[in-house]
Amino acid sequence: QINPHFIYNALDSISWKAKENRQYEIDDMLVTLATFFRIGLHRGDALITISDELTHVKSYLEIEAIRFPNLFDVSYDIDETILNCMTIKIILQPIVENSIKHGFNELDRKGHIGIRISAAGQDILFEVTDNGRGMELTSGQLPRSASTSGGYGLYNVNQRLLMYYGRDYGLQIKSALHQGTQVLMRIKK
């Protein structure tokens, strides 16, 4: 219900104050947060380019890396020929958020998130892997807690994929305790 222009203008004002006071790290965080909101809100559109979806998740990961230094690193393997293809928005961020909040919680080593986006025939495949704690799954089903969590959790991402692309699409999760997690999402190209 908040006007996006208010958010952008407020963040821009705070950014200028940070620059005036030579607080460049704060300024960088504000610019990254503004990018995150700009893409997430995206005039209320349901579809954005894969390039924008990737920028959105990168903005989120930059903010989390500042909040939790040395907790994780990220690698990307992106097929640049599909960056202009369209996807429903905010499908990657909830997946990497789960890696950070649940997979790397009390991990005794540095976490790693791998993001891969590639063409797969007439589809596009999104793959997010982590080396976190992993979880026990029942027949590849979504974790029980996903359906009761708020926001854009795994359950909500799965439901949006199924509603928009059909029953042949949705999340596929492979995970085992102490072995990490792999989340696959397939959309129509």
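What the table shows:
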item: Residue within the stretch 40-53 that is modelled with pLDDT under 85, open to solvent by 20 Å² or more (accessible area, probe 1.4 Å), in contact with a helix residue (DSSP H, G or I) (Cβ under 6 Å, 6 or more places away or on another chain) and more than 26 Å from Y155 (Cβ to Cβ) present; result: no
item: From the options I95, I63, I117, I7, residue that is touching a strand residue (DSSP E or B) at 6+ places or on another chain (Cβ under 8 Å), in a helix (DSSP H, G or I) and aliphatic (A, V, I, L, M); result: I95
item: The stretch 65-86 residues that are of a type in the set (S, T, N, Q), paired with ones that are exposed (fewer than 10 other Cβ atoms within 10 Å of the Cβ) (beta carbon under 7 Å, 6 or more apart); result: none
item: Filtered residue count, the stretch 93-123, keeping only those that are within 11 Å of the chain's Cα centre (by Cα), open to solvent by 40 Å² or more (accessible area, probe 1.4 Å) and not polar (S, T, N, Q); result: 1
item: Residue that is least open to solvent (accessible area, probe 1.4 Å) [pool: residues in the stretch 79-92 that are of a type outside the set (S, T, N, Q) and over 20 Å from I173 (Cα atoms)]; result: I82
item: Conditions (1) farther than 18 Å from D123 by Cβ; (2) over 12 Å from the mean Cα position of the chain (by Cα); (3) open to solvent by less than 50 Å² (accessible area, probe 1.4 Å): number failed by S59; result: (2)
item: Pairs where the first residue, in the stretch 90-112, is touching a residue at least 12 places away in the same chain (Cβ under 8 Å) and the second is assigned to a helix (DSSP H, G or I) and aromatic (F, W, Y), C-beta under 7 Å, 6+ apart; result: Q93/Y60; V96/Y60
item: Residue within the stretch 70-88 that is part of a loop (DSSP other than H, G, I, E, B), of a type in the set (S, T, Y) and over 29 Å from D28 (Cβ atoms) present; result: no
item: Near pairs, Cβ below 8 angstrom, 6+ apart or cross-chain, from the stretch 162-189 (on the phi > 0 side of the Ramachandran plot and surrounded by 16 or more Cβ atoms within 10 Å (Cβ to Cβ)) to any residue that is among the aliphatic types (A, V, I, L, M) and in a helix (DSSP H, G or I); result: G170/L161; G170/L162
item: Hey, F72 under 30 Å from E136 (Cβ atoms), among the aromatic types (F, W, Y), out of contact with any helix residue (DSSP H, G or I) (no Cβ under 8 Å at 6 or more places or on another chain) and modelled with pLDDT of 90 or more or not; result: no
item: Residues of the stretch 155-189 that turn out to be farther than 21 Å from D45 by Cα and of a type outside the set (D, E), as a count; result: 15
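The values are calculated or read from the model by the stated rules, or taken from the named source; none is laboratory data. Being a predicted model, the structure only gives us computed values, none of them experimental. Cβ coordinates were reconstructed from backbone atoms using ideal geometry, including for glycine residues, and neighbour counts include every protein chain displayed. SASA here: full protein model, heavy atoms, side chains in, ligands and nucleic acids out. Shrake-Rupley method; radii C 1.70, N 1.55, O 1.52, S 1.80 Å.
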